Amino acid sequence: QVQLVESGGGLAQAGSSLRLSCVASGRTFSNAAMGWFRQAPGKDREFVASIGGSGDTTLYADSVKGRFTISRDNAKNTLSLQMNSLKPEDTAVYYCAGSLYYTIVTMRSAYQYWGQGTQVTVSS
């Protein structure tokens, strides 16, 4: 059984930083793209960032570009999201996701595996 478990969410002040982590078990994702999505109350789940299977390629949503950094450790089957200069509009539940594609994907439908999510709340 494949499981993705996120951690690292919490309450932060605007301008501060948080680091999210995701540990995968049940299968290796070293040959598959992984990503982060988020869902704010009353809104659809949206793409945040994706990283290719090798970790050499990344892609970010315009809203987080320059502030967030996605990374992975294939040896540990983990995914991370470093979030700097947080804004109140970053408040959402953040989800880790794993796809079956090697290259970066941004569409939700391209991801087959999802974590339960971790809440990030940014106060002004």
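Computed across the chain, the Kirkwood hydrodynamic radius from all distinct Cα-Cα pairs reaches 14.1 Å. Just so you know, the Cα atoms of region 64-113 work out to an Rg and Dmax of 12.5, 34 Å.
Of the solvent-accessible surface of the chain, computed with a 1.4 Å probe over protein heavy atoms with every protein chain present, carbon and sulfur atoms account for 48 percent. Mean separation of Cα pairs under 8 Å and 6 or more residues apart, divided by the residue count, gives the chain a relative contact order of 36 percent.
At an R0 of 30 angstrom, the distance between the Cβ atoms of Asn31 and Ser85 translates into a FRET efficiency of 0.40. Ranked from largest to smallest solvent-accessible area, with a 1.4 Å probe on the protein heavy atoms, Tyr95, Tyr102 come out as Tyr102, Tyr95. Straightening the chain between Lys43 and Val2 buys 12.1 nm, computed as 0.36 nm per residue apart minus the Cα-Cα spacing. Given axes a ≥ b ≥ c from the Cα gyration tensor, I'd like to know whether region 30-78 is rounded (a/c under 1.5), prolate (a/b larger than b/c) or oblate. Note, shape of region 30-78 comes out prolate. A straight Cα-to-Cα reach below 29 Å connects Lys43 with the lysines Lys65, Lys87, residues fewer than 8 places away in its own chain not being considered.
The values are calculated or read from the model by the stated rules, or taken from the named source; none is laboratory data. Just so it is clear, the structure is predicted and the values come from calculations on it, not from any experiment. In this analysis, Cβ positions are derived from the backbone assuming ideal geometry, glycine residues included, and neighbour counts consider all displayed protein chains. In case anyone asks, the SASA skips ligands and DNA or RNA and just uses the protein heavy atoms, side chains included. Shrake-Rupley method; radii C 1.70, N 1.55, O 1.52, S 1.80 Å.
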